[in-house]
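The values are calculated or read from the model by the stated rules, or taken from the named source; none is laboratory data. Worth saying up front: this structure is predicted, and the values here are computed from it rather than measured. Here the Cβ positions follow ideal geometry from the backbone for every residue, glycine too, while neighbour counts run over all protein chains shown. Areas reflect the complete protein model, heavy atoms only, side chains present, ligands, DNA and RNA absent. Shrake-Rupley method; radii C 1.70, N 1.55, O 1.52, S 1.80 Å.
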Amino acid sequence: MTSSTPDPRARTASPEEVARFTAMAEEWWDPTGKFKPLHRFNPVRLAFIRREMAAHFGRDPQDPKPFAGLTLLDVGCGGGLLSEPLARMGFSVTGIDAGDKNIAVARIHAQKSGVAVEYRVGGPEDVAAESFDVVLSMEVIEHVPDPVRFIGLAAGALRPGGVFLGATLNRTAKSWLMAIVGAEYVLRWLPKGTHDWKKFVKPSEFAGWLRAAGIDTKAFRGMEFQPLTDEWRETMNLDVNYMLMGVKS
């Protein structure tokens, strides 16, 4: 899954994956389009982020802007589906993505929405000289060619005591059945070929890569789709989708 001697000049993004998501860029903000699953479980992700960040930084989660004064880097921000609401929570948000069309869509939407987010084309290798209170990378690691290097570079942009937030898919038989067969072929929530099951990441692997980068994982939470209510909810079950929170030493 990883290269043994990575070229320090190499880009962390896969050209094929960048092309795949760039081709769908205009649909980022369509709640019924190809990114519908992200829109549907965004409330769960945001609730997790608000709760964990408020506890870590000693902020009031009921405050309209509890994270004012804190900086956040959204790695692989896509069209800004998380960057914008996090900026509304008070974070000073920088969103980076390897797809220039994704960034163009994100900039236009933020401008129309009146939300201040700094968007840039690039990857974690482009922010090595910067430091943030929070580094966020949701549903990205399963799309990069060298996750160990990707995590190492992302961690390098995190200040000591800062928080890493991630989300991905577990590599289990259940995730293959639900995230690929179910989501791509049966329910058609996602275009066929969006995911490669072999690139899914076990929680132990993710935590190990973070540990090697100086980050101690503090929390894991799963996400499950509830067909009877047609909504997602947070759970302790990590079999398919899961989120994590870690702190840099």
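General remarks:
- Per-region count, segment 74-88, residues over 22 Å from Leu153 (Cβ atoms) and in a helix (DSSP H, G or I): 4
- Number of residues in segment 91-115 that are among the hydrophobic types (A, V, I, L, M, F, W, C) and in a helix (DSSP H, G or I): the value is 6.
- Filter result (exposed (fewer than 13 other Cβ atoms within 10 Å of the Cβ) and polar (S, T, N, Q)) within segment 217-234: Gln226, Thr229
- Residue within segment 162-179 that is open to solvent by 60 Å² or more (accessible area, probe 1.4 Å) and either assigned to a strand (DSSP E or B) or within 28 Å of Val247 (Cα to Cα) (or both) present: no
- Only one of Gly123, Gly114 that is more than 23 Å from Gly162 (Cα to Cα) and at pLDDT 95 or above: Gly114
- Just one residue in the set Arg211, Arg188 is open to solvent by 60 Å² or more (accessible area, probe 1.4 Å) and in a loop (DSSP other than H, G, I, E, B); that residue is Arg188.
- Close pairs (6 angstrom Cβ cut-off, 6 or more residues apart or separate chains): farther than 27 Å from Met53 by Cα and hydrophobic (A, V, I, L, M, F, W, C) in segment 91-116, in a loop (DSSP other than H, G, I, E, B) and open to solvent by less than 10 Å² (accessible area, probe 1.4 Å) anywhere: Val105/Gly79
- No other residue among Ala129, Ala154 is within 18 Å of the chain's Cα centre (by Cα) and either in a helix (DSSP H, G or I) or surrounded by fewer than 18 Cβ atoms within 10 Å (Cβ to Cβ) (or both) apart from Ala154.
- Meets criteria (assigned to a helix (DSSP H, G or I), open to solvent by 70 Å² or more (accessible area, probe 1.4 Å) and not small (Gly, Ala, Ser)) for Arg20: yes
- Residue pairs meeting the criteria (Cβ under 9 Å; at least 6 apart or on separate chains; first part of a helix (DSSP H, G or I) and aromatic (Phe, Trp, Tyr), in segment 47-64; second open to solvent by less than 60 Å² (accessible area, probe 1.4 Å) and at pLDDT below 95): none
- If you go through segment 55-80 and keep only what is of a type in the set (A, V, I, L, M) and open to solvent by 10 Å² or more (accessible area, probe 1.4 Å), you end up with Ala55, Ala68, Leu70.
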